[in-house]
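Data block below; observations after.
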Amino acid sequence: MQNIEFRFYEIYRSEEFLLLLLNGMFVSLWLTIGAAVFGFVFANLLAVSRANKIPIVGILSTAFVEFTRNTPLIVQLFFIAFGLPLLLGYQWPFWSHALLALSLNFSAYFAEILRAGFEDVHKGQIEAAKSLGLSKMLIFVKIIFPQALCKVYPALNSQFIFLFLTTGIISEIGVKELTQAGVYIDSRTFRSFEVFFTLTILYIFLSLMLKTALKFMYNRIFFWAEFR
């Protein structure tokens, strides 16, 4: 029987490899947060236009959401990174292509979650607000949006964590995030088990860290939810 020897020290004894992993973690995190912010803002526009059935805009929003949710992220990533620059004659850094692709992709998923939350707000509250003379914008900002966001916050959390784990795909276009750092280290050490086991632990650690931060944000923002 062949003896298996694990050599994790080949990773943690190398300053170059440790810096690569640290930089990869940083890139993965900031791309996740950036894509989540841009995607969330765009998702609100999509969700509002669909929930209110705004003519033409609602149809275009529905088409975008359905197209995005029914095509693979990697295809969208390659189209944005290689297809659009060819068609439109521009060239951005690959990280900006990755940020755009992730933002657009997850805005479609965020939009469906938010739309469900908007439609779940009790219609009686909206009618009562209208009877008090509140404008549509004020009703949305003060009544609909906070309650909807509170209800769908757990689903948004899950999608946010999935967004973080999906950042590994962007290594396909050369962005130096965590997965690509692992692939590079593996190509230098030929210790595939040790490298990808380390990546697994790092992804788990970062996911738990993000979940803890999101839970803390929920307790701070929606402290009023338990009194409803």
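Nothing in this text is a laboratory measurement; each read-out follows from the coordinates by a stated rule. Computed from a predicted model, the values in this text were never measured in an experiment. Cβ coordinates were reconstructed from backbone atoms using ideal geometry, including for glycine residues, and neighbour counts include every protein chain displayed.
Among the lysines, which fall within straight-line cross-link reach of Lys123, defined as a Cα-Cα distance under 24 Å, with same-chain neighbours fewer than 8 residues apart omitted?
Lys53, Lys136, Lys142, Lys151
By how many degrees, between 0 and 90 and to the nearest 10, does the Cα long axis of helix 145-166 differ from the longest principal axis of the chain?
20
Can you tell me which of 46-52, 59-65 comes out highest on packing, and rank the rest after it, using the mean Cβ neighbours within 10 Å? Could the numbers behind the result be given before it?
Working: 46-52: 21.0, 59-65: 16.0.
Output ranking for 46-52, 59-65: 46-52, 59-65.
What whole-number distance in Å separates the alpha-carbon centres of the stretch 166-195 and the stretch 4-82?
17
Less than 18 Å apart at the alpha-carbon level, and either on another chain or at least 8 residues along: which aspartates and glutamates does that give for Lys176?
Glu15, Glu16, Asp186
Report the convex hull volume per residue for the stretch 93-228, counting only C-alpha atoms, in Å³. Walk me through the intermediate numbers first.
Numbers: hull volume 16.7 nm³, N = 136.
Convex hull of Cα atoms, per residue: 123 Å³.
Hey, what angle do you get for helix 94-120 against the long axis of the chain, alpha-carbon based, 0 to 90 degrees rounded to 10?
40
List residues of the stretch 167-188, by number, whose backbone nitrogen lies under 11 Å from a label position 7 Å along Cα→C-beta of Ile74.
Once the point is set 7 Å along Cα→Cβ of Ile74, 169-173 turn out to lie under 11 Å by backbone N, inside the stretch 167-188.
Using the charge dipole of the chain (Lys, Arg: +1 at Cβ; Asp, Glu: -1 at Cβ; taken about the Cα centre), state which of Met137, Tyr218, Phe190 has its Cα farthest towards the positive end.
Farthest along the dipole direction, towards plus: Met137.
What's the Kirkwood radius of the chain in Å, using all Cα pairs?
Values: mean 1/r = 0.0500 Å⁻¹.
Final number for the Kirkwood radius of the chain is 20.0 Å.
Relative to 2.2 N^0.38 Å, what does the C-alpha radius of gyration of the stretch 1-106 come to as a ratio? Two decimals please.
Values: Rg = 20.1 Å, N = 106, 2.2 N^0.38 = 12.9 Å.
That ratio works out to 1.55.
Per 0.36 nm of contour for each residue apart, how much would the distance between Ser14 and Asn157 grow if the chain were fully extended, relative to their Cα-Cα spacing? If you can, show how the numbers build up before the last one.
Details: separation 143, 0.36 × 143 = 51.48 nm, distance 3.51 nm.
Using 0.36 nm per residue and subtracting the Cα-Cα distance, I get 48.0 nm.
Helix-derived [θ] at 222 nm for the chain: sum -39500 (n - 2.57) over DSSP H runs of at least 4, divide by residue count, nearest 500?
Values: 11 runs with 169 residues, N = 228.
After summing the helix terms and dividing by residue count, I get -24500 deg cm²/dmol.
Can you give the charge dipole size of the chain about its Cα centre, rounded to the nearest 20 debye, using +1 on the beta carbon of Lys and Arg and -1 on the beta carbon of Asp and Glu? Provide the component values of the computation, followed by the final result.
Values: 18 positive and 14 negative charges, 183 e Å.
The dipole magnitude comes to about 880 debye.
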